[in-house]
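See below for the structure under consideration.
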Amino acid sequence: MPINIVTSRQFKQFLNPNSPEGLLAKTRKEFSKRGPVKVKQAIVQDMTKGISPVKGKGKWKRYSQSYKDVIRNKAAYRIIKGKVVRFGKVFDGLTQKDVRTIGGGRQSRQASRQLKTAQNVRQQLIRDLNQDFHKRSSPTKQVSPVNLRHSGGLHRSLQLFTKGGVTTNFRLVVTFRDRLADIHNRLGAGKSKVIRRLLPTNQGEQFNRKITSVLLNELRKAADLVAKQFGGQ
Amino acid sequence: MASRTEANGTDRIIHKLDLNEYGLQDVPESSKQAAKQEVADYLLEETLRQVAQGQSPVEGEGRFRILSPEYAVREKGGRRTSDLELEGDLKDSLISQPAAGSFIDFGHIGSQVPKADGHNQLSTRAKDWAKQSGMPKRRYIPDDGQKFDNRIVGNIRRILDEFQRTAPRREQADDIFDDEDETIRPQITVNNPTSRDLFSDDVIGELLEEAFRRRGLF
């Protein structure tokens, strides 16, 4: 059904921006149905390839050697700031019980006497704990590209949804529920506090070109669908 | 000057991409640096994406030969796609940055060059060695006379086209986040929107107008 419109200015008036039943509002509603899912796929695809979703940040920095060992299941313990750290958990100190559970025997009893004074006891503990851990595991996982996917929890916590009214303040919210995201994105991970940008949260930043083009494409499809529905009236 | 490749096989393997071949000369002078940076960022990201899938971004090179089963099990968890990534050193050293004039430098400088040359086989030494050793070619840097694949070339043209049609944006600290003051609202265009602009009335209005015209509705 052709409409009697000649100029872009006339078309803008026709769009009826303030009405929730207007074409602009309908386009945003259509986008809400599929757009967030497609954009999420694009973000996860880039993350899986080690590419930052943030424009201009390129590839994420490599994992440290100790974390690579964790991924390969060759190690689960390391020393950070003088404390024995298990991936995901921190031991406040060494106890007699901890030392006995490593492997027992004469060496452990000797180690327990030097418990509070010897730095090398911690190093030996690390080696024993990792050896024990390694016996129960097999190295299968890749350490590169850096995809921030050890257990998959971070990736699973990515959520996208639309918010706000369809006539004003409409926006797409992109968020990670996992607190690890803030560590990677802003605070820095590991001993070296490596930043791996996940989202364009700083002023002036935006998503990389691929993700922005997916967003634009989904909006274009939504507009096309609205035009098709209008034409069928 | 046309695009060319400089490869000595020891410390430098750079493809100098001449953007005048894709329309940089028509971009306003004040926007040229931004346009070059945008193309450089895109080139790096897209190359990493394609190589991660075992695909060469160079026209005519196709897919990389897959890994042997033994190597795949030993180093890649059984995955046989050749993504040129073991520890990450090679890809970490890949650079893509604006250079003097209309050029973008794309490639490697420094310690990873011999490794990169082994895969790309651009220098004479690497080509001779590859003939003897049977090392498969996995090229992601174009040689002299080669160019990037059609999709990448098309997107480079699109990026430069956007800069030709868009006036430079004023980037101020509060520019993007201030809803109240209309006078400092950044210029909006559907051809080069930021993520924040995309849901505005202007951008969606233009998309709707395109859709209506395509369907002959006016």
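The values are calculated or read from the model by the stated rules, or taken from the named source; none is laboratory data. Here the structure is a predicted model, which is why all the values come from computation and not from measurement. Counting neighbours? That spans all protein chains shown, and the Cβs are built from the backbone with ideal geometry, glycine included. Remember, those area values only see protein heavy atoms, side chains included, never the ligands or the DNA or RNA. Shrake-Rupley method; radii C 1.70, N 1.55, O 1.52, S 1.80 Å.
Quote to one decimal, in nm, the extra length available between residue B:202 and residue B:66 on full extension: 0.36 nm per residue of separation minus the C-alpha distance between them.
44.2 nm
Per residue, how much accessible area does chain B show when a 1.4 Å probe rolls over the protein heavy atoms, in square angstrom?
I get 47 Å² per residue for chain B.
How high is the FRET efficiency between residue A:168 and residue B:151 when r is their beta carbon distance and R₀ equals 25 Å, given to the nearest 0.05?
So the FRET efficiency works out to roughly 0.10.
In whole percent, what relative contact order does chain B give with Cα contacts below 8 Å and a gap of six or more residues?
Computed value for chain B: 26 percent relative contact order.
Around residue A:156, under 15 Å between beta carbons, what's the net of Lys plus Arg minus Asp minus Glu among the other residues?
That works out to +3.
For the pair residue A:34 and residue B:81, how long in nm is the line joining their label points, each one 7 Å along Cα→Cβ?
2.4 nm
Tell me whether segment B:1-58 comes out rounded, prolate or oblate; compute the Cα gyration tensor, take square roots of the eigenvalues as a ≥ b ≥ c, and use a/c under 1.5 as the rounded threshold.
Oblate, because a/c is 1.5 or more while a/b does not exceed b/c.
What are the residues of segment B:53-95 that lose 50 Å² or more of accessible area, with a 1.4 Å probe, going from their chain alone to all protein chains?
Relative to the lone chain, where solvent access is computed with a 1.4 Å probe, segment B:53-95 loses at least 50 Å² at B:85, B:87, B:92.
Can you give the translational diffusion coefficient of segment B:1-134 in µm²/s, computed by Stokes-Einstein from the Kirkwood radius over Cα pairs at 4 °C and 1.567 mPa s?
80 µm²/s
Distances longer than 17 Å among the Cα atoms of segment A:12-73: what percent of all pairs is that?
Considering segment A:12-73, 65 percent of its Cα-Cα pairs are separated by more than 17 Å.
What accessible area, in Å² to the nearest ten, does a 1.4 Å probe give for residue B:84?
20 Å²
Under DSSP H, which helices of chain B have Cα atoms covering 15 Å or more of the helix axis and a Kyte-Doolittle average no less than -1.0?
B:32-52, B:150-165, B:201-214
Determine, from the Cβ-Cβ distance of residue A:16 and residue B:25 and an R0 of 56 Å, the FRET efficiency 1/(1 + (r/R0)^6), rounded to the nearest 0.05.
My answer for the efficiency is 0.85.
Sort A:180, A:199, B:207 by heavy-atom solvent-accessible area, probe 1.4 angstrom, most to least.
A:180, A:199, B:207
What's the total accessible area buried between chains B and A, using a 1.4 Å probe, rounded to the nearest 100 Å²?
What B and A bury together is about 4500 Å².
Calculate the length of the line joining the C-alpha centroid of segment B:59-131 to that of segment A:163-233, in whole Å.
32 Å
Quick one: with all protein chains in place, what share of the accessible area of segment B:69-172 is carbon or sulfur, to the nearest percent (1.4 Å probe)?
Using a 1.4 Å probe with all protein chains present, segment B:69-172 comes out at 49 percent carbon and sulfur.
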